[in-house]
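Values in this text are rule-based calculations from the coordinates and carry no lab data. No experiment lies behind these values; they were computed from the predicted model shown. As a convention, Cβ positions derive from the backbone with ideal geometry for all residues, glycine included, and neighbour counts pool all protein chains shown.
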Amino acid sequence: MAIKLMAARYPPKNPQDLIDLCVKDWPAGSVTRKHRARALKQFLEHAVSREGIADIWLPPADLKNHIGAANPKEVIHQEGDPFDDDQQILNLLNSLPLDSLYERNKDAAQKWLNAFQLMAELGLRPVEVMHLKIRKDPKTKEHYWWCTYQKKAGAGTTEPRRVFPLPLINSDGEVQKWNLIERWKAGLIELPSCRENKMGEAANTYLKRRESWNSLREVMKKTQGVNIVPYSFRHSYSLRAHIRGIDAGSVAMSMGHSLEAHLRAYPWASKASTAKAFEIANKKISG
């Protein structure tokens, strides 16, 4: 990206402007923005010290001004929006293997498809896909999902939790049966190989290389002003839950954050809960 910018008709005139241009599409304080700024710093230092580029291109020692600080009120939302509906997610996921037919590692498409199915049906953060377990209820003998991930938040650290699946429903009203828990128990779900703290970045990179993802992003941005990101699978889980009448507290517990954070990040949560409360109250009166 830096080379492309420098080859443009009006290139940046100093390393500070170059760094800003290379990170501007990512939220201030985000992990990706931090990694990009640091990588570019190393690139420029190498160019000056080893390749004879003019000293003016030596990057600043402190990158804080370029990375910025995350707004606590925006961190949970990850600057993204939910998909339009479940069918849109299904169409996208069905297209990913077709997008990957000519890749050297054809197994990668299935592994990423598995990861996105888990994110969509369980409302997971990308990193949480690497922290899933199956537990068994001693009384009911029922198997259920357990997430061991602990996220550091402003008020402390979130606890490991039970995660409740919320299957997608297609445009014909049929429940999408991915049989995730059965496949997991049978050892049939393989996931992408990457360091757990890089899972979000890796998911973003994988999707950005898929024509179907880029096409959908462009259309939604142009027609609706909507920004879909890897976290959109998680955002859609929240919206799906509230459309189906699940109370905000229960959704927040399954998603692994506080009720306050949930209501702040997802405006439809408080609206749905309020509407439901009045609906129940009015039924009691009329009944």
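Using 0.36 nm per residue and subtracting the Cα-Cα separation, the extra length available between Lys111 and Ala7 on full extension is 33.8 nm.
As a rough footprinting exposure proxy, the listed residues Val31, Val251, Val219 were ranked by other beta carbons within 10 Å of their own, and the order from fewest upward is Val219, Val31, Val251. Can you give the FRET efficiency to the nearest 0.05 for Lys177 and Thr223, using r as the Cβ-Cβ distance and R₀ = 25 Å? It comes out at approximately 0.20. The label-point distance for Glu142 and Trp57, in a model that sets each label 7 Å from Cα toward Cβ, rounds to 6.1 nm. Once both labels are positioned 7 Å from their Cα atoms along Cα-to-Cβ, the gap between Leu188 and His131 label points is 2.8 nm. Backbone geometry of the stretch 189-194 corresponds, through the Karplus equation with coefficients 6.51, -1.76 and 1.60 at θ = phi - 60°, to 3J(HN,Hα) couplings of 10, 9, 10, x, 8, 6 Hz, x marking Gly and Pro. Counting only aspartates and glutamates at least 8 places from Lys64 when in the same chain, those with an alpha carbon closer than 12 Å to its own are Asp20.
Run down the aspartates and glutamates and flag those whose C-alpha is under 13 Å from the C-alpha of Lys198, throwing out any fewer than 8 positions away in its chain. In chain and number order, the partners are Glu128.
Label sites at Asn65 and Gln16, each approximated as a point 7 angstrom past Cα along Cα to Cβ, lie 0.3 nm apart. The packing ranking, built from the mean of other Cβ atoms within 10 Å per residue, places the peptides 50-56, 254-260, 189-195 in the order 254-260, 189-195, 50-56, highest first.
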